[in-house]
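No lab work stands behind these numbers, since they all come straight from the coordinates. Everything quoted here is computed from the prediction, not taken from an experiment. Cβ atoms come from the backbone with ideal geometry, glycine included; neighbour counts cover every protein chain shown.
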Amino acid sequence: MSIETLKELLPEYAKDLKLNLSSLATEASLSEQQRAGTFIACALASRNKTTTNAIFSEFGPKLSPEALTAARAAAAIMGMNNIYYRFTHLASAPDYRTLPAKLRMNVIGKPGVDKVDFELWCLAVSAINGCGMCIDSHEKILRAGGLSTEQIQASVRIASVVHAVAAALDGEEAEPSLPQGG
């Protein structure tokens with residue numbers, strides 16, 4: 001399955017998603033590894049099998065085995081961290097923020113790819129998972145690592161479109177008997 005096949009699966013009401021998916025698949029502000037890894041990590045975070053399969057088919061071959069593993073690791077570690085740190089940020093009791101997390105996060109220190117690329121993927125997944133604390137942390141590291149506002153924004157644009165595609169497909173699969181809008 002490819003991005004083109006994925007676009008064909010989207011209903012007509014999701015035409016904007018189709019167009020955005022096409023333009024972001026060739027987003028020029030990101031390197032090929034940054035773009036492909038962002039798509040992979042975001043597909044995993046979006047949790048839709050069809051979307052994930054299509055994106056893996058399209059972007060998996062563009063990554064080295066190490067980069068593919070790192071993109072998977074970014075989705076996995078942020079799946080854990082985004083829940084934990086969102087809790088510490090949203091809980092009314094401030095003492096949670098002073099406690100050590102006591103969660104293993106070794107992959108963040110040694111992701112197997114360029115640190116900036118891994119942080120970019122973590123930021124995109126954090127945007128999908130809605131963790132403001134993680135977004136701020138990763139964005140700060142990316143800026144210090146030399147990424148521009150446009151590059152950082154591009155990763156979040158990819159995250160938003162991949163997540164929206166997954167949601168649209170989930171909606172279509174959940175209630176196929178409902179009439180489609182036009």
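Here the chain is treated with +1 on each Lys and Arg Cβ and -1 on each Asp and Glu Cβ, and its dipole about the Cα centre works out to around 640 debye. Averaging the Cα positions of each part gives two centres, and for the stretch 1-55 and the stretch 64-90 these lie 19 Å apart. The residues packed around ALA67, meaning those with a beta-carbon under 13 Å from its beta-carbon, carry a net charge of 0 if Lys and Arg are +1 and Asp and Glu are -1. Using C-alpha pairs below 8 Å separated by at least 6 residues, the relative contact order for the chain is 34 percent. Calculate the translational D of the chain in whole µm² s⁻¹ from Stokes-Einstein, where the hydrodynamic radius comes from the Kirkwood formula applied to all Cα pairs, the temperature is 10 °C and the viscosity 1.306 mPa s. Calculated translational D: 94 µm²/s. With the highest mean first, a sort of the peptides 127-137, 87-97, 67-77 on other beta-carbon atoms found within 10 angstrom per residue produces 67-77, 127-137, 87-97. Largest mean-square fluctuation among ALA28, ALA168, ALA159, in a Gaussian network model of the chain whose springs join Cα atoms under 10 Å apart, belongs to ALA28. Number of Lys-Lys pairs in the stretch 3-174 under 22 Å by Cα, sequence gap 8 or more or different chains? Total qualifying Lys-Lys pairs in the stretch 3-174 comes to 13. Between helix 149-174 and the chain there is an angle of about 50 degrees, using the helix long axis and the longest principal axis of the Cα atoms.
Highest mean packing comes first when the peptides 109-117, 46-54 are listed by Cβ atoms within 10 Å, giving 46-54, 109-117.
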